[in-house]
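The values are calculated or read from the model by the stated rules, or taken from the named source; none is laboratory data. Just so it is clear, the structure is predicted and the values come from calculations on it, not from any experiment. Cβ placement follows ideal geometry from the backbone for every residue including glycine, while neighbour counts extend to all protein chains displayed.
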Amino acid sequence: MKKLGLIGYPLGHSFSKKYYLEKFTKEGITNVNYDLYSMEDIREFEKLFNNKDFYGVNVTIPHKINVLSYLNELSAEANAIQAVNCIQIKHQADGPFLKGFNTDVYGFTESLRPLLENHHKKALILGNGGAAKAVEYALNTLNIEYKFVSRTKTVQNLTYGELTAEILNEYLIIINCSPVGTFPNIEEAPQLPYHFIGERHLLYDLVYNPAETMFLKKGKINGAKIKNGLEMLELQAEKNWEIWNKI
């Protein structure tokens with residue numbers, strides 16, 4: 001049986017495993033299994049990709065960057081971001097060939113695109129971790145200007161305390177790439193001046209549990225268009241499947 005899986009540490013509830021096992025059942029796919037492979041040390045990954053049953057894996061924290069040293073090739077977006085969440089494994093006569101992708105870019109881009117209106121020209125990215133890098137790449141492809149917002153001031157970003165009515169009137173897309181508001185801390189929200197947010201704003205939260213975070217609720221109350229990260233995950237999951245099954 002062919003094998004797929006998710007590597008990371010620690011691994012708790014997995015969207016990916018649930019999604020793929022349901023997909024296999026629904027579509028009558030019987031020759032593939034998807035499982036979780038918790039590994040604290042990335043060197044354990046060698047056992048997986050040397051197993052000829054494995055032809056693809058997803059990658060999550062903390063290995064999205066340190067897995068790069070095992071890869072033979074990177075897709076354009078993975079190379080730009082220097083982080084992967086999907087690896088295609090091809091077993092060849094001289095050993096396995098591993099190519100890394102970042103399908104978060106595809107998932108985010110295609111879930112955001114239908115929501116964009118003519119006035120959505122500039123975005124604020126909340127957070128500066130790996131997810132924010134994928135969002136940054138996507139915004140560049142969509143020709144949307146952006147600024148980062150974080151708690152610590154640098155040359156490249158704003159702080160939450162610097163967000164004025166003038167800035168929020170100019171940056172009408174706000175994307176939460178931080179874990180703030182994720183279950184079980186559902187009463188938390190990024191420290192924005194929400195009273196400056198209105199009907200022209202689009203608030204996007206990469207968090208999907210809960211389905212409507214406090215960040216989204218506060219925006220919705222003020223008339224903003226809102227979107228959570230569930231469709232992004234579903235789209236990237238299908239893109240992973242397409243990549244793994246390319247001959």
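Residue-level analysis places A237 outside the set of residues that are within 21 Å of the chain's Cα centre (by Cα), on the phi < 0 side of the Ramachandran plot, in a loop (DSSP other than H, G, I, E, B) and aliphatic (A, V, I, L, M).
On the stretch given as region 100-118, residues that are within 11 Å of the chain's Cα centre (by Cα) and polar (S, T, N, Q) total 3.
Only one of the listed residues (A189, A224) is buried (at least 19 other Cβ atoms within 10 Å of the Cβ), of a type in the set (A, V, I, L, M), outside the structural domain of F97 (by TED's automatic domain parsing) and more than 20 Å from H120 (Cα to Cα). That residue is A189. Against the definition (exposed (fewer than 14 other Cβ atoms within 10 Å of the Cβ), at negative phi and hydroxyl-bearing (S, T, Y)), how does S75 come out, yes or no? Taking the combined requirement at face value, the residue does not satisfy it. Hey, can you tell me all the residues within region 21-75 that are closer than 16 Å to E238 by Cα and touching a residue at least 40 places away in the same chain (Cβ under 8 Å)? Once the filter is applied, which keeps residues that are closer than 16 Å to E238 by Cα and touching a residue at least 40 places away in the same chain (Cβ under 8 Å), region 21-75 yields K23, Y55, G56, V57, N58, V59. Taking the residues in region 37-76 that are aromatic (F, W, Y) and assigned to a helix (DSSP H, G or I) as candidates, determine which candidate is nearest to P10 (Cα to Cα). Applying the filter and picking the extreme gives F45.
Criterion first (under 25 Å from D104 (Cβ atoms) and either under 22 Å from the mean Cα position of the chain (by Cα) or surrounded by fewer than 16 Cβ atoms within 10 Å (Cβ to Cβ) (or both)) does T213 satisfy it? Answer is yes for this residue. Of all the residues in region 91-125, those that are assigned to a helix (DSSP H, G or I), among the aliphatic types (A, V, I, L, M) and surrounded by 14 or more Cβ atoms within 10 Å (Cβ to Cβ) number 2.
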